[in-house]
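We did not get these values from a lab; they are worked out from the coordinates using the rules stated. Because the structure is predicted, anything quoted here is derived from the model rather than measured. Cβ sites come from the backbone with ideal geometry, for glycine too, and all protein chains shown count toward neighbours.
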Amino acid sequence: MYPRASLLLLCVFTVIFCKNTKGQNSFSEKSFKSFRFTPTSLDSAVNTTTINRSREKWLIGTNVVAYAGTLTALSVMWYANYPRSGFHFFNDDNEWMQVDKAGHMYSAYLISHASSEMWRWAGASRKTRIWVGGLSGLAYQSIIEVLDGFSAEYGFSPGDYTANILGSAAFISQELLWDEQRIKIKFSTYAKRYKDPGLEQRANKIYGESLAERFLKDYNMQNYWLSANIQSLFHSKTWPAWLNIAVGYGADGMFGANGNTATDKTGNIIFDRQDIKRFRQWYLSPDLAFTKIKTRKKGIKVLLFVLDSFKFPAPALEFSNGKFKGHWLYF
């Protein structure tokens, strides 16, 4: 039953893509004078006043294939391992100290930003690239939420969906207000192994054994950042254009969704480490604004865009457990 619901979403958003790009071949003279564009796009050298029909068709096709491919991959490789059920909701707002919610915001924001730049590359009008590109993040994330809703193991999470909306809204609002992203949502992670054999065994079970799985699933290894470009925000030429200030959030000591205990299906305790404190971490750190680096090479611009999705390793000030701690280099 759940594939039909997700395929319906696919059809709806495909129609939206087609409808919003047809018939908008160029800006009016008035709108072209009213809006300015910044050099932070993937292809600022392209004249974006006229839609490129071949690029438009390629982009629509790519979105359809990517959407269907994501749906199929999740259905076969992930949700097939769990029993299906009727659509239901699940409140997980108190789990993982909300690090997972920050991850949903980041994912929706990143997809929205990347999609919008692709529509800019295709020559879409300002409003089209902002709204169609911006809502793409919410659309792609909706696949996961709907599939969760039809999985007996999970459920549709209103909290996750709200985080998805906030991620897309963070991108759309800045584009509408400033025509650029002055405050970016970024991600950082680092390799972490647990010295305690019991904790390492527990981490292998809930987060996976490979390093790639740990990067994606181990919330103790993940940090999310709001990276602000001070020069753009305050129009201050004394602050280098390539230098940002970032505020980060993470958490540690988590070996379960709500607590560091676990039981089997019969209720027997199989893991109990209540002695390990779960705590939040807040960071303040400088960051690099890669997309502010000037270059005419399109391939370099794409690379800089990708790099700008991640927090650059730098010295950081951490506040956690009621005290401050300094790091010479923090990932």
Members of K205/K325; K192/K277; K277/K323 lying beyond 19 Å, as alpha-carbon distances in this model show | K205/K325
Gain in span if fully extended, A68 to N258, counting 0.36 nm per residue against the direct Cα distance = 65.1 nm
Which ³J(HN,Hα) values, rounded to whole Hz and listed in residue order, are derived for region 165-173 from phi using the Karplus coefficients 6.51, -1.76 and 1.60 in 6.51 cos²θ - 1.76 cosθ + 1.60 with θ = phi - 60°, glycine and proline given as x?
-> 4, 5, x, 5, 5, 4, 6, 4, 5
If T291, T263, T128 are placed from fewest to most neighbouring beta carbons inside 10 Å, the sequence is T263, T128, T291
K237: which lysines have alpha carbons under 19 Å from its alpha carbon, excluding same-chain residues fewer than 8 sequence positions away?
-> K292, K294
When W328, W119, W131, W242 are arranged by how many other beta-carbons sit within 10 Å of their Cβ, fewest first, they go W328, W242, W131, W119
Cβ density ranking, 10 Å radius, fewest first, applied to I144, I245 yields I245, I144
Globularity index of region 182-331, i.e. its alpha-carbon radius of gyration over 2.2 N^0.38 Å = 1.28
